[in-house]
Amino acid sequence: MIKPLLKGLGLTLRTFFTRPVTLQYPEEKMVMYPRFRGLHELTRDKEGKIICVACELCAAVCPANCIRVEPAEGPTHQRFPKVYEIDLLRCIFCGFCQEACPYGAIILRENYETANYTRKDLLYDRDKLFHAYQK
Ligand code: SF4
Ligand code: SF4
């Protein structure tokens, strides 16, 4: 009868002196591991221009069908996305879009703080994705 009680107390004592695994969020934030798949970023080249050429491969491969790309052509016939949208409410953060992109133009990065109050705020457009990680 006393044995299970002592066993329980022993366990409590043991964990009492170990480092807590919880964090005081939002004051303390978790450092995500490098391959974590959080909020997407539309990447830029050395000149700071958008890399995406609106080939729509990412949209084609997306299993949640949550990427919308509308291509356009610039003055020197270079393609760019006139519209690039990701519906974060549908995204399952699988990373297929990143894998499919031949230019490394879309990557999933460390930001996991994407909670919001309205559906509209979770529809990330081109500019929001482009500036998502800019300081
Ligand atoms: S992470 Fe997956 S579900 Fe989300 S946009 Fe990319 S391909 Fe679609
Ligand atoms: S992000 Fe990559 S795969 Fe998607 S449209 Fe742009 S260039 Fe194509």
**Prompt:** Are any residues in segment 110-129 over 22 Å from Asn65 (Cβ atoms) and open to solvent by less than 70 Å² (accessible area, probe 1.4 Å), and if so, which ones?
**Reply:** Asn111
**Prompt:** Is it true that some residue in segment 87-103 is over 16 Å from Tyr124 (Cα atoms) and more than 17 Å from the chain's Cα centre (by Cα)?
**Reply:** yes
**In segment 59-77, the residues that are open to solvent by 40 Å² or more (accessible area, probe 1.4 Å) and within 12 Å of ligand 2 (Cβ to nearest atom)** = Ala60, Val61, Arg68, Glu70, Pro71
**Asked** Does at least one position in segment 102-113 carry a residue that is outside any loop (DSSP other than H, G, I, E, B), touching a Leu at 6+ places or on another chain (Cβ under 8 Å) and modelled with pLDDT of 95 or more?
**Response** yes
**Message:** Restricting to segment 78-91, and then to whatever is in a loop (DSSP other than H, G, I, E, B) and open to solvent by 60 Å² or more (accessible area, probe 1.4 Å), can you tell me which residue is nearest to Asn116 (Cα to Cα)?
**Reply:** Leu89
**Fill in**
In segment 21-43, residues that are within 28 Å of Tyr84 (Cβ to Cβ) and surrounded by fewer than 10 Cβ atoms within 10 Å (Cβ to Cβ) total 3
**Message:** So, in segment 99-109, how many residues would count as being in contact with a His (Cβ under 8 Å, 6 or more places away or on another chain) and more than 7 Å from ligand 2 (Cβ to nearest atom)?
**Reply:** 3
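The values are calculated or read from the model by the stated rules, or taken from the named source; none is laboratory data. Just so you know, these numbers come straight off a predicted model, no measurement behind them. With ideal geometry, Cβ positions are generated from the backbone for all residues, glycine too; neighbour counts draw on all protein chains shown. The area values use the complete protein model at the heavy-atom level, side chains included, leaving out ligands, DNA and RNA. Shrake-Rupley method; radii C 1.70, N 1.55, O 1.52, S 1.80 Å.
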